Amino acid sequence: MNRIAKGLRAKRFKARAGSEIKLTIETQIGNKLTFRIENAALTGLGGWHVEGQISENEIAMGDIVPESKLMWSDNEVSLGRLVVRNVKFDQDGTFIGVSCIDTKVPLLGSLSKMFEKTGSDESPLDFELSSKKYTIATFLEEDHSHDDLFEKCRQFHLLWSDCMKNPMYQYYSVRNEAHGSRVNFKLSRTKKSAQYINFASFDYLGLSVDPEVKEASKSAIDKYGLSPGGSLALSGKTKLHEELEATISKLLGKEDALLFNAGYAANVGGISAILGLNDVVFADIFSHASIHDGIALAKGKSRYFKHNSMKHLENLLKEHRPNYAGALLVTEGLFSMEGDAPNLKELVRLAKQHNARTFLDECHSFGILGPNGMGAAERDGVLDEIDLFMGTLSKAFGAGGGFVCGSKKVIGWMRSFARAGLFSVGLTPSSVAASLKSLEVHQNQPELRARLKANIAQLREGLAKLGYQAPSDPESPVIPVIVGDDQKIGAMNQVLLDKGVFVNPVIFPAVPVNSARFRFSLSALHTQSDIEIALTAFENAMQETRFTFSGTHH
Ligand code: PLP
């Protein structure tokens, strides 16, 4: 039995505060007793009888109750026979615990399905697949096979409903509208809409709302329509796609580039295409999910090195590299949860020493770092030595679509073997046109990067005054503020939301246990006053939840 099932065996439901859920039983001497139900377990219920005294010879452990009824609002369910498992006489009343014989209360049973059907708000019982004990990782890590394939979804739904009581959960909130750094969100948890300053967007340079970029995108729709109508290989490649691939290659000083309809697809397609059965990939353990997925799909073997540890990578190379044919080293230019950057000079040195190729995901750094904003490899002076440069146009460039850039022959190979591109519709012409224009605006307006830099410095300085030295790269627009405690971050987030600040709280399993954090994403669109508001709100959140940074490790 897995841990979830074991958890379910214990108490699983508890009566909601103020709910009226009653069990009526007939005792062996013919009296009808009504109990207020407190909780429900795998096969039974427990509740209190508070009206009048029950004598000890009226009900006892082991008694069989021939008939019983459970009632709440307009519902009435016959539970059939019960066995009395537990009786406790107390000055407040009598507590009984009963096991059902003919029906089942549990998650898999008909009665629990009825509780759920009454609608989560009306159900008299709260499910106890509690987010205090379980996390999404429970479902990721443990086997939840069942003869009904969808049973795990039902169980997960119950956990998720519990999670959604925590103000930290704002996933899938809906943007009603957005103007630059201001956004109107309908929060998924409360269904209420309000205006926020958005610190949760990857639109680092504000190019997604740039008038010229929007205009270019609109004209592409007029010229080419909305859909490319096929994959790039078949009929979907427009002149704009050709131009964008050439522009990116030129900017990065590479021979060729291949566009994918997302950064995710570029990693999955690019990595899986290049690794053969006898090859090996060494990747940073904190790599983005799309890198992990590309590796999982690849035929070769994989080894993961400790986050940003070139020493560990070196050890792994020494131990494992000789056992394989080709080798690929994969890391990110700027990590999306940490905002930190690897030692790329050392990575390149190790690649040369061990005859390995390099694949660098610059999704968060392309457009931001380096003298021309070409990324972490440009900043470290090793751009020419990166074999495969992977990036996205959905972050600093405010549009959408991913790419892999490299030599003509390698990109040519990917054109034929990267299935995530080959068998998927091409990037829409409007996105391609937007990217082309934003690359141009990016080159012509270096002040956008300067403004972003100033905003990063302002937030970092403000946080330092609150006692927090951000561990991220000083030029990173992603600034993680590590709070540690999963519960505390919820309470703090409520204060931030109340003050009109929308930022992403991130918890396990997205980050390691006890390293829950707020991930501030800054943009050139933020004003000084936006950042001051965020800092004041954060200070308020700290005061209201009695949080200080002294107890956290950062
Ligand atoms: N790689 C990294 C490091 C990312 O952070 C992301 C997205 O967040 C991706 C790849 C995927 O990019 P896209 O959102 O364009 O699919």
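Computed from the coordinates by the stated procedures, all read-outs in this text should not be read as laboratory data. For clarity, every value in this text was computed on a predicted model and none was experimentally measured. Cβ coordinates were reconstructed from backbone atoms using ideal geometry, including for glycine residues, and neighbour counts include every protein chain displayed.
Do any trypsin sites (Lys or Arg not before Pro) in region 165-195 lie in a loop, going by DSSP, with at most 16 other beta-carbon atoms within 10 Å of their beta carbon, and if so which? The partial results should precede the final answer.
Details: sites: Lys165, Arg175, Arg182, Lys186, Arg189, Lys191, Lys192; in loops: Lys165, Arg189, Lys191, Lys192.
When the trypsin sites (Lys or Arg not before Pro) of region 165-195 are filtered for loop state and at most 16 Cβ neighbours within 10 Å, Lys165, Lys191, Lys192 remain.
222 nm [θ] for the chain, helices only, -39500 (n - 2.57) per DSSP H run of 4+, per residue, to 500?
Values: 17 runs with 187 residues, N = 554.
Helices in the chain give a 222 nm mean residue ellipticity of -10000 deg cm²/dmol.
Please list, in order along region 493-502, the HN-Hα scalar couplings obtained from phi with the Karplus expression 6.51 cos²θ - 1.76 cosθ + 1.60 (θ = phi - 60°), rounded to whole Hz, x for Gly and Pro.
So the Karplus estimates, Gly and Pro as x, are 5, 4, 5, 4, 4, 4, 8, x, 10, 9 Hz.
Could you tell me how many degrees, from 0 to 90 and to the nearest 10, lie between the Cα long axis of helix 344-353 and the main elongation axis, the longest principal axis, of the Cα atoms of the chain?
That helix lies at roughly 80 degrees to the long axis.
Can you give me the relative contact order of the chain as a percent, contacts being Cα pairs under 8 Å and 6 or more apart?
Numbers: 1126 pairs, mean separation 75.5, N = 554.
Result for the chain is 14 percent.
How large is ³J(HN,Hα) for each residue in region 56-63, as worked out from phi by the Karplus curve 6.51 cos²θ - 1.76 cosθ + 1.60 (θ = phi - 60°), to whole Hz, x for Gly and Pro?
Karplus values, whole Hz, x for Gly and Pro: 5, 8, 7, 9, 8, 4, x, 4.
Measure nothing fancy, just the Cα-based angle from helix 429-444's long axis to the longest principal axis of the chain, in degrees from 0 to 90, nearest 10.
The two axes meet at around 60 degrees.
Which of the aspartates and glutamates could a cross-linker bridge to Lys301, judged by Cα under 12 Å and excluding same-chain residues fewer than eight apart?
Asp279
Using 0.36 nm times the number of residues separating Ala325 and Ser78, minus their current alpha carbon distance, what extension gain do you get? Working shown, then result.
Details: separation 247, 0.36 × 247 = 88.92 nm, distance 6.77 nm.
This chain segment gains 82.2 nm when fully extended.
Go through Lys214/Lys250; Lys152/Lys311; Lys437/Lys499; Lys299/Lys453 and tell me which ones have a Cα-Cα distance over 32 Å in this structure. Before the final figure, lay out each step's value.
Values: Lys214/Lys250 24 Å; Lys152/Lys311 41 Å; Lys437/Lys499 36 Å; Lys299/Lys453 41 Å.
Over 32 Å Cα-Cα: Lys152/Lys311; Lys437/Lys499; Lys299/Lys453.
Given labels modelled 7 Å from the Cα in the Cβ direction, how far is it in nm from Lys192 to Thr527?
Output for this residue pair reads 2.6 nm.
At 0.36 nm per residue, minus the direct Cα-Cα distance, what do Glu539 and Ser219 gain on full extension? Give it in nm, one decimal, please. Spell out each step's value before the answer.
Numbers: separation 320, 0.36 × 320 = 115.20 nm, distance 4.56 nm.
So the chain would gain 110.6 nm between Glu539 and Ser219.
Between Lys152 and Ser309, what is the label-to-label distance in nm when each label sits 7 Å out along the Cα-to-Cβ direction?
Each label point lies 7 Å from its Cα, and together they span 3.0 nm.
Kindly provide the chymotrypsin sites (Phe, Trp or Tyr not before Pro) of region 421-513 that DSSP labels as loop, not H, G, I, E or B, and whose Cβ sees at most 13 other Cβ atoms within 10 Å. The partial results should precede the final answer.
Numbers: sites: Phe423, Tyr468, Phe502; in loops: Phe423, Tyr468.
Answer in residue order: Phe423.
If I model a spin label at Arg36 and Ser235 as a point 7 Å from the Cα along the Cα→Cβ vector, what separation in nanometres do I get?
7.0 nm
Considering Cα pairs under 8 angstrom that are at least six residues apart, work out the relative contact order of region 345-410 and quote it in whole percent. It would help to have the intermediate numbers written out before the result.
On the way: 100 pairs, mean separation 18.1, N = 66.
Once normalised by length, the contact order is 27 percent.
Rounded to the nearest 5, what is the percent of antiparallel bridges among the DSSP beta bridges in the chain?
Details: 67 of 86 bridges.
If I count the DSSP bridges inside the chain, around 80 percent turn out antiparallel.
Once amide H atoms are built 1.01 Å from N in the peptide plane, which residues 5 or more positions from Glu38, or in another chain, come under 5 Å H to H?
For Glu38, the qualifying residues are Gly46, Gly47, Trp48.
Compute the longest continuous run of the chain that contains no exposed GluC sites (Glu not before Pro); treat a site as exposed when its DSSP state is not H, G, I, E or B and it has at most 12 other Cβ atoms within 10 Å.
On the way: sites that count: Glu20, Glu51, Glu56.
Excluding the exposed sites themselves, the longest stretch runs over 57-554.
Give me the number: length gained by fully extending Glu255 to Lys88, i.e. 0.36 nm times residue separation minus the C-alpha to C-alpha distance, one decimal in nm. Write down the numbers at each step before the final one.
On the way: separation 167, 0.36 × 167 = 60.12 nm, distance 8.01 nm.
Result: 52.1 nm gained on full extension.
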